[in-house]
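Okay, structure first, notes after.
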Amino acid sequence: MIVKPHFKDEILDELARSYNVAQFVSFGTDSKQRYSRVLGVSPNQKFISAHEAIEAVLRRSSDFAVNVRSFEPFNPRSREFIRNLNNVDEIVEHVFRLSAAGLTTIVNEAVDVADGGVSGVATPQTLEFAPDATPRVVEEEGVARLPREWGDKLLETVYGFKPETPTGENLRIEFSIHPKPRGWLARHTILWEKEILDEPLIPARATWPNRFSSLVGDKVYGLLLAWLAGLPVPRTTVVGRRLAPFSFGEDTGEFEIWLRTAPAERTPGHFTTARGWIDPFKLLHEEDPENRRIASVLAQRAVLPIYSGAAITEANGNLRVEGVKGNGAEFMLTGSGETLPTGVVEAVHQLNREASASFGPVSFEWVFDGRRVWIVQLHVGRSASQGDVIYPGEVPSWIEVAASESLDRLRQIVGSLDPSQTGVVLVGSIGTSSHKGDFLRKEKVPSRLRAK
């Protein structure tokens, strides 16, 4: 069986005819130059020597550094990969050494992967990506995986431009996108590799948390995906720590703003949600001075709150809908709900059916404005709760905590417990969909509800 050789530098040359690639020069096993793409220089310019060629790439690179990649044409997975070099003589030595070992080399400009952009792989069916990594990140855990159409629209929404990636049957493209222009064409998308898959990939359902949801904020990512799925999400502007502001969602007919913090990881009820505008930078400084927990702040158009509440898919698959008349902010803290009109409950169930068609079991916070139900927070997955059981588990002892206690106080109590030995009984009128219920589930504390 004859295997067709796979020359990575030849593929880069082909891609560079229509798309942006990182500046590079390549060398064969004889140490002679093969291809090149250098900013301001003609395609495949032949340089006098390897030293001159590498110096040209290095001098024009954004960060004055290059990587040396090596490969075998009949075994195209990369071999030795040397990063962030800036001494021309040292780079030349590496090229000659690898060439003598029978390897083809590519010297390409080093591109900062921690600039707020993402790297990943695009196929006709899927888009997989993560920040602070090379395209190889798709072989690791924590990667965002979306249907191709959703992924393209999400990245265009967040960064302001659609990734410039070719499409074709079973075409697999390794790419990265960057807030600042990079590469030999000085654009925002860089292509790194092209392959033909043996068979198409089947898109997986979107799940999170992942590395990208941590970058934008867990709350933001859930709302973005709800919007991509065509669900009603209020107009939202996101101010991130590492990303430029971006907006998505629909106008609600209201002009009032709710300001919400978006932690990198879901943290029920711990950080501020404020009605009306407050200084977001002061808020970030006060609540997360070490820049470790809050990824962004979002300003969200208010929804006229005729009824508000939360819905969770319980362990048995049933949807539990709880809420109050009017504003639901206090309900989420106290969980003290009331009987909702049948029409409102039916509207929430309909919204759940639409969300579940895209995501499977979900939980969400909602607001009903008299015409439609809006999603103001979305999470995927079936809850561990069922009936009066918040989180299942049998333990030797139980302590009672008044449902009226603050969430901060509940955190303190739980922090002093060993959940393998002691569970919590919340006594009073409270819903399992409240922030207190979310907190107990997240911490996996055996817990139950009991009326007074």
Charges on Cβ only, +1 for Lys and Arg, -1 for Asp and Glu, centred on the Cα centroid of the chain; of Asn67, Leu85, Ala295, which one is farthest towards the dipole's positive end? Ala295
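What dipole magnitude, in Debye to the nearest 20, does the chain give about its Cα centre under +1 on Lys/Arg Cβ and -1 on Asp/Glu Cβ? It would help to have the intermediate numbers written out before the result.
Working: 52 positive and 58 negative charges, 67 e Å.
Charge dipole, the chain, about its Cα centre: 320 debye, nearest 20.
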Set the Förster distance to 56 Å, then compute FRET efficiency between Arg17 and Thr339 from the Cβ-Cβ distance, nearest 0.05. 0.25
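Counting only protein heavy atoms, what percent of the accessible surface of the chain is carbon or sulfur at a 1.4 Å probe? Display every interim value, and only then the final one.
Working: 9910 of 20470 Å².
For the chain, the apolar C and S fraction of the accessible surface comes to 48 percent.
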Hits among lysines - C-alpha to C-alpha of Lys444 under 16 Å, sequence gap 8 or more where chains match: Lys436
Dividing the helical contributions, -39500 (n - 2.57) per DSSP H run of n ≥ 4, by the residues of the chain yields a 222 nm value, nearest 500 deg cm²/dmol, of -7000 deg cm²/dmol
Which entry is the computed Kirkwood radius over Cα pairs in Å for this structure: (i) 24.6; (ii) 21.8; (iii) 26.5? (i)
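Quick one: compute the contact order of the chain, relative version, from alpha carbon pairs under 8 angstrom and 6+ residues apart, as a percent.
Working: 1028 pairs, mean separation 47.1, N = 452.
Computed value for the chain: 10 percent relative contact order.
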Just to be sure I understand the model, the point goes 7 Å from the Cα along the line to the Cβ. What's the resulting Glu93 to Thr272 distance in nm? 5.5
Given Lys219/Lys282; Lys8/Lys46; Lys180/Lys219; Lys194/Lys219, which pairs have Cα atoms separated by over 28 Å? Lys194/Lys219
Tell me, how many Å apart are the Cα centres for the stretch 382-404 and for the stretch 408-452? 6
Any aspartates and glutamates with Cα under 18 Å of the Lys442 Cα? List them, leaving off those in the same chain fewer than 8 positions away. Asp218, Glu265, Glu314, Glu365, Asp388, Glu394, Asp408, Asp418
Could you report the chain's accessible area per residue, 1.4 Å probe, as an integer in Å²? 45
Could you check the simple spin-label distance between Asn170 and Glu156, using points 7 Å along Cα→Cβ, in nm with one decimal? 2.8
Charge dipole of the chain built from unit charges on the beta carbon (Lys, Arg +1; Asp, Glu -1), centred at mean Cα; most positive-end Cα among Ser42, Val425, Leu15 is Val425
Listed by chain and number, the aspartates and glutamates with an alpha carbon less than 15 angstrom from that of Lys153, same-chain partners under 8 positions apart left out, are Glu128, Glu164
What distance in nm separates the simple spin-label points at Thr207 and Arg187, each placed 7 Å from Cα in the Cβ direction? 3.4
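The values are calculated or read from the model by the stated rules, or taken from the named source; none is laboratory data. All figures in this text were calculated on a predicted structure; none of them were measured in a lab. Virtual Cβ from ideal backbone geometry, glycine too; neighbours counted across all protein chains shown. In case anyone asks, the SASA skips ligands and DNA or RNA and just uses the protein heavy atoms, side chains included. Shrake-Rupley method; radii C 1.70, N 1.55, O 1.52, S 1.80 Å.
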